[in-house]
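So the structure is just underneath, and the comments pick up after that.
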Amino acid sequence: MFNDIGPLELVTLIVLAVLVFGPDKLPKVIQDVTRTIRKIRDFSESAKQDIRQELGPEFKDFEFEDLNPKTFIRKQLDNDDLGLKEIRNGFDLKKEMAEVADAVHGRDTDSSSSAPSASSGGRVDMTKKPEKPAADDRPPFDVDAT
């Protein structure tokens, strides 16, 4: 419940509670707060059970956490029917980013070649290799780029 409260914040809350309620009334206030939290939890659990009963047997595996979009997407992506695990496991983000950075900076990579091979997984090198112009030659002018 208090996952995002640090130790300093917790001490500050305790000191503030002692100052506001006083040391005599503080235990009674804590009991009342915990009792209220328990009642709210019981109410929400009974409401969940009522909704599950009203939905019927076809929604017996329904979880309210699935209504959270992050949880729903994570659950769908973990589904083996789509074959996404093989795609995710076959994709090395660091290697791909390094290849893109090398292509942007015009560096040759050791793993890429101009013809597809079995070691590169059948990939074709799509990077432009600039030709070395002579010392007096001007670079080509691209009308569409200006």
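Based on the inverse mean of 1/r over its pairs of different Cα atoms, what is the Kirkwood hydrodynamic radius of the range 17-97, in Å?
This gives a value of 17.7 Å.
How large is ³J(HN,Hα) for each residue in the range 36-49, as worked out from phi by the Karplus curve 6.51 cos²θ - 1.76 cosθ + 1.60 (θ = phi - 60°), to whole Hz, x for Gly and Pro?
Result, ordered by residue: 5, 4, 4, 5, 5, 4, 4, 5, 5, 5, 5, 5, 4, 4 Hz.
Each reported figure results from applying straightforward, stated rules to the coordinates on display, with no laboratory input. In this text the structure is predicted, and so the values were computed from the model without any measurement.
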